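Read the structure below first, then the notes.
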Amino acid sequence: MPFFSVLIDLLSDRDRFIQEIYDGIKVNTKIFGLLVCSSIFLAIYGGLIGAVSSWMQVLSSAAKLPFLFLITLAICLPALYFFNVYFGAKTRLSQYTAILLCAVTITSTLLFGFAPVTLFFLITTDSYSFFLLLNVAIFTLTGIIGVYFLYQVLLPKVETIVSDQGLVIEDTAIDKNRKVRISILKFWLGLYAFVGSQMAWTLRPFFGSFGSKFDFFRPREGNFYMAVWNAIKQFFIS
């Protein structure tokens, strides 16, 4: 399928793939391919973790997990774009969209790779707390890899100026601008991770629980971090 060739290109030669995005080569084609691949992988993994509860939870989680990643991207994309434009970046909105989708696709591909492990523990354990913490660890690991990819790709390049005599000289204004953009990038990546975790909490449940009734959404109470802490306590107490 054509969209899977986009995935193969990204995984096999990441540097060339990203450079083509910056050069404006088939950006829309890349966006479509990345969107389809990431949505398929996330839907499969979402359905798998939803199998803890019921077939309705399988369908719900399969729909909600791709939506979680894409709505987080949509919420955070404008801030990244306008901050970088303000500080002189020439990258277009479609190019930033393609780059962020690369990170989502890498994360979703890694999640898909963990699917056999998740399936194994789904079949062999009846501890909800263990299964929840296992998947929190998997999501954390794959999310960190995705965020680190963004940091490497979006990091402003070192700029130098060559004098008339051919000597490389430093430009204080350029260096200061780069440091500001790096600080903004770090802040944005933290914001991206925080929005993603809060959005996951808002869209819960993804797992349901063993023998529980199906709920498409749950009341907005507590927060993601307290839920993880309670799961850790429950795991060691039980």
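Against the conditions (1) of a type in the set (A, V, I, L, M, F, W, C); (2) surrounded by fewer than 16 Cβ atoms within 10 Å (Cβ to Cβ); (3) modelled with pLDDT under 90, A200 satisfies every one except (2). Confirm whether S39 is assigned to a loop (DSSP other than H, G, I, E, B) and in contact (Cβ under 8 Å) with a residue 24 or more places away in the chain. No; evaluated as a whole, the condition is false for this residue.
Residue check: A89 meets all listed conditions (1) surrounded by fewer than 15 Cβ atoms within 10 Å (Cβ to Cβ); (2) assigned to a loop (DSSP other than H, G, I, E, B) but one, namely (1).
Being part of a helix (DSSP H, G or I) and farther than 30 Å from L154 by Cα is the filter here; which residues of segment 100-130 pass it?
P116, V117, T118, L119, F120, F121, L122, I123, T124, Y128, S129, F130 - these are the residues of segment 100-130 that are part of a helix (DSSP H, G or I) and farther than 30 Å from L154 by Cα.
Taking each residue of segment 82-105 that is closer than 14 Å to V180 by Cα and looking for partners that are at pLDDT 85 or above and part of a loop (DSSP other than H, G, I, E, B) with beta-carbon atoms closer than 8 Å, six or more apart or interchain, yields N84/T91. Can you report the number of residues in segment 1-57 which are modelled with pLDDT of 90 or more and either touching an Asp or Glu at 6+ places or on another chain (Cβ under 9 Å) or of a type in the set (S, T, Y) (or both)? Qualifying residue count, segment 1-57: 15. Within segment 77-94, not a single residue is in contact with a Cys (Cβ under 6 Å, 6 or more places away or on another chain) and either more than 15 Å from I49 (Cα to Cα) or modelled with pLDDT under 95 (or both).
When G33 is tested against (1) closer than 21 Å to Y192 by Cα; (2) crowded, with 19+ Cβ neighbours inside 10 Å, just one condition goes unmet, and that condition is (1).
The values are calculated or read from the model by the stated rules, or taken from the named source; none is laboratory data. Just so it is clear, the model here is predicted, and its values are computed rather than measured. Heads up, the Cβs are rebuilt from the backbone with ideal geometry, glycines too, and the neighbour counts pull from every protein chain shown.
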